[in-house]
C-alpha cells in the first residue's frame, strides 16, 4: 500500500516542529536556572569596570569561567584577550565574541551596585570608569550562551571558539588579537557572531540587518597654520582662527555636494583649539574631526577632499606650501561592520521561532562604530553577524512611546540594561541560533 505524499510531508513537518519545540524548551530551562547566578556575575562586572587596555581582572574572570565550563583556555592573546576552545565532535566552527572594556564615564544610574571606581587609564591619567556601553551584559550573556551550549552538547556537534576581546572602545582589541594569531593558533571559524545591547529596543526583542549595520569610523586631525601677531593689527597677520573657521564651513560641502546621496556619510568637527589670549592672533589652530561611512570608496573620497579643500583655503589666504594645513587620519581606523546576509537570515530563523516574528525586527544601519567588523576583513574572509539585543525595560519603553520620555543612550552616564529579561532573551536566542547553525546542512 502506498502512503500518500502529503501524509509523509505532514509527518516529517510534525517531527521537525516537535524537535524544534523540544530544543527551545531545553534551552529555556537551562538559561532560566542560570539567571540568579548570572545576575551575580553581572553585578560584579558592573561594579568593577576596567578601561580599554587595562582589562586585567576582567580577563581573569572570563578565563576562569571558561575553564570551569570545560574550555581549553588561552590568555594574553593580543594583550588581555582570552580565547576558549570547546570541541564537541566533527562539525562547523563558530566564533562567539564578547568585549570587555569600560568607558571613562562617572556613573549616574542610581543603582545600588553602581560603579564607584576611580582608576587610571592607559596613559596614567586618573579617570572614572563605567560600563556605559553594556559590555558587562555582553560578557554575562556570552557566558550564559556558552554554559547552555555545554550543558546541551548532545544537541549539536562542532567547535566553539569563544573570545573575550579587550579594547573595543579604542578600536584596537580585534586587530591585536588577529595579529597575535587568532586565526592561526586556534581553529579557524566558519563564521563569527556577536551581540550589542541596544538602548533603543525593548527587552525581548532582537534587531538585525543583512548588510552594513554599523559605520566605519576614523578620527582626523587638521593643523591649520597662519602668521600670528597683535590682535589690534590683523592686517599684518594671516589669521588661522579665521582660516580654520572657513575650513569648518567649507568641508560641510563634502557630504552635501560631493558624496552620492545614496551613500551615507558624516564629517563632524568636534573640537577647535587655538590661541592663548584675547588680543593675540595665534600661529596655528587644531581641528579634530570624526568621519563616518559605510563604503571604503566614500572614506577615501572624504580624505582626499579634506586635503584638497584645506589646501585651497590656505592658498586663498596667501599661505605658501610650507604652511598648508596638515591633514592626518588616525591609525585607530574602524571599518564598517558588514553583516553577511546569508548568515544573518539563517541565524534569525530560530530567533523568530523562539521570540516570534514581531520581536525579531530588521533595523536601520547606524553610524556608530564597532571593531567587530575587523574579523570579517582578514584574509580568511570569515562571514560575520552582529545583532542588537534589546535592553530597555518594557515599562520605560512604553512610557517613551506614549509620553516621549527620553531613554538614556549608549555612552550615557545613566544607561543600564534591564538585566534579567535582557540576559534570558540574549542567552536563549544565541544558544538556539548556534545549535541551529551547527545542525544546519
(request) Specify the residue that is surrounded by the fewest Cβ atoms within 10 Å (Cβ to Cβ); the eligible residues are those in the range 372-397 that are in contact (Cβ under 8 Å) with a residue 60 or more places away in the chain and farther than 30 Å from residue 163 by Cα. (result) 394
(request) Could you pull out the residue among 387, 372 that is closer than 30 Å to residue 429 by Cβ and either assigned to a strand (DSSP E or B) or assigned by TED's automatic domain parsing to the domain that holds residue 254 (or both)? (result) 387
(message) Checking residue 346 against (1) within 26 Å of residue 173 (Cα to Cα); (2) surrounded by fewer than 24 Cβ atoms within 10 Å (Cβ to Cβ); (3) modelled with pLDDT of 95 or more, only one condition comes out false. Which one?
(response) (1)
(request) Return only the number of the condition from (1) surrounded by fewer than 16 Cβ atoms within 10 Å (Cβ to Cβ); (2) touching a strand residue (DSSP E or B) at 6+ places or on another chain (Cβ under 8 Å); (3) farther than 27 Å from residue 23 by Cβ that residue 131 does not satisfy. (result) (1)
(request) Grab the strands (runs of 3 or more DSSP E) fully contained in the range 129-248, keeping just those with 2 or more residues being under 30 Å from residue 116 (Cβ atoms) and either under 14 Å from the mean Cα position of the chain (by Cα) or without any contact (Cβ under 8 Å) to a residue 12 or more places away in the chain (or both). (result) 158-165, 191-202
(request) Take the residues in the range 112-128 that are assigned to a loop (DSSP other than H, G, I, E, B) and in contact with a strand residue (DSSP E or B) (Cβ under 9 Å, 6 or more places away or on another chain), then tell me which one is surrounded by the most Cβ atoms within 10 Å (Cβ to Cβ). (result) 115
(message) Which numbered condition in (1) crowded, with 16+ Cβ neighbours inside 10 Å; (2) modelled with pLDDT of 95 or more; (3) under 30 Å from the mean Cα position of the chain (by Cα); (4) not in a strand (DSSP E or B) is the only one that residue 358 fails?
(response) (1)
(request) Check whether at least one residue in the range 32-43 is within 27 Å of residue 188 (Cβ to Cβ) and in a helix (DSSP H, G or I), and report yes or no. (result) no
(request) Looking only at the range 75-111, count how many residues are under 17 Å from residue 171 (Cα atoms) and surrounded by fewer than 20 Cβ atoms within 10 Å (Cβ to Cβ). (result) 2
(request) Please specify each residue of the range 76-92 satisfying the condition of being part of a strand (DSSP E or B) and more than 21 Å from residue 131 (Cβ to Cβ). (result) 76, 77, 83, 84, 85, 86, 87, 88
(request) Go through the range 397-420 and give me each residue that's more than 19 Å from the chain's Cα centre (by Cα) and farther than 19 Å from residue 42 by Cβ. (result) 397, 398, 399, 400, 401, 402, 403, 404, 405, 406, 407
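Quick grid of which residues meet (1) modelled with pLDDT of 95 or more; (2) farther than 19 Å from residue 136 by Cα:
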site: 73; (1), (2): yes, yes
site: 77; (1), (2): yes, yes
site: 84; (1), (2): yes, no
site: 87; (1), (2): yes, yes
site: 93; (1), (2): yes, yes
site: 110; (1), (2): yes, no
site: 122; (1), (2): no, yes
site: 125; (1), (2): no, yes
(message) Just to check your reading of the model, which residue among 95, 66 is within 16 Å of residue 144 (Cα to Cα), assigned by TED's automatic domain parsing to the domain that holds residue 375, touching a residue at least 24 places away in the same chain (Cβ under 8 Å) and in a strand (DSSP E or B)?
(response) 95
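The values are calculated or read from the model by the stated rules, or taken from the named source; none is laboratory data. The structure presented is a predicted model; accordingly, all values stated were derived computationally and were not measured. Please note: Cβ atoms are built from the backbone with ideal geometry, for glycine as well, and neighbour counts cover all protein chains shown.
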